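This report refers to the structure that appears directly beneath it.
The values are calculated or read from the model by the stated rules, or taken from the named source; none is laboratory data. Because the structure is a prediction, the values reported are computed rather than measured. Every residue, glycine as well, gets a Cβ built from its backbone with ideal geometry; the counts of neighbours run over all protein chains shown. In case anyone asks, the SASA skips ligands and DNA or RNA and just uses the protein heavy atoms, side chains included. Shrake-Rupley method; radii C 1.70, N 1.55, O 1.52, S 1.80 Å.
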Amino acid sequence: MLDDNAKAQLRGYLGRLQHRVELVASLDESDAAGQMRELLDEIAAQSELVTVRHDGRAERRPSFQITRAGADTGIAFAAIPMGHEFTSLVLALLQAGGHPPKVAAEVTEQIQALEGDFVFETWMSLTCHNSN
């Protein structure tokens, strides 16, 4: 699914991981699930700090979650993140793996001062509509 150039770039980014990352796939029998399995296996093959499990229990299928191994949090994708979405996948891997984000110190302080538990959902469209 990933060409050699993409794999090399991904290996470079995954070299920045500081913690183990787990990809937890919730799959079905669809063609999209097969493609997702292939992508996740290819990602895991690029770093010893990345493992993949195919025993996820998410309702949305096919989908997968990126989490720091042993953590109770993560970033989930309910589609195969290719094209522009692949950048979001790489950033999620880095975030889960402990690589610090490029955020101003005052923004980090504001985020840390928030009280409560939060769940964020971001939706994407697999088609792009540009109108001029």
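Residues of the range 1-22 being assigned to a loop (DSSP other than H, G, I, E, B), open to solvent by less than 50 Å² (accessible area, probe 1.4 Å) and modelled with pLDDT of 95 or more, which ones? Result: Leu17, single match.
If I filter the range 26-33 for residues that are touching a residue at least 40 places away in the same chain (Cβ under 8 Å) and more than 16 Å from the chain's Cα centre (by Cα), do I get at least one hit? For the range 26-33, residues touching a residue at least 40 places away in the same chain (Cβ under 8 Å) and more than 16 Å from the chain's Cα centre (by Cα): present. Determine whether Thr108 is on the phi < 0 side of the Ramachandran plot, at pLDDT below 95 and surrounded by 11 or more Cβ atoms within 10 Å (Cβ to Cβ). Yes; evaluated as a whole, the condition is true for this residue. Pairs are defined by a Cβ separation below 9 Å, a sequence spacing of at least 6 or placement on different chains, a first member in the range 107-131 that is under 19 Å from Phe86 (Cα atoms) and among the hydrophobic types (A, V, I, L, M, F, W, C), and a second member that is open to solvent by 100 Å² or more (accessible area, probe 1.4 Å) and at pLDDT 75 or above; the pairs so defined are Met124/His84; Cys128/His84. Among the numbered criteria (1) outside any loop (DSSP other than H, G, I, E, B); (2) among the small types (Gly, Ala, Ser); (3) closer than 17 Å to Ala96 by Cα; (4) open to solvent by 40 Å² or more (accessible area, probe 1.4 Å), which one does Ala25 miss? Ala25 satisfies every listed condition except (4). Each residue in the range 89-98 was checked for being open to solvent by 60 Å² or more (accessible area, probe 1.4 Å) and of a type outside the set (A, V, I, L, M), and 1 pass. Would a scan of the range 58-73 turn up a residue that is touching a residue at least 60 places away in the same chain (Cβ under 8 Å) and open to solvent by less than 30 Å² (accessible area, probe 1.4 Å)? No, that holds for no residue.
Here the range 45-56 is the region considered, the condition is being in contact with a strand residue (DSSP E or B) (Cβ under 6 Å, 6 or more places away or on another chain) and not hydrophobic (A, V, I, L, M, F, W, C), and the residue that is surrounded by the most Cβ atoms within 10 Å (Cβ to Cβ) is Gly56.
When the residues of the range 32-44 are filtered to those that are out of contact with any helix residue (DSSP H, G or I) (no Cβ under 8 Å at 6 or more places or on another chain) and closer than 16 Å to Leu94 by Cα, the one that is surrounded by the fewest Cβ atoms within 10 Å (Cβ to Cβ) is Ala44.
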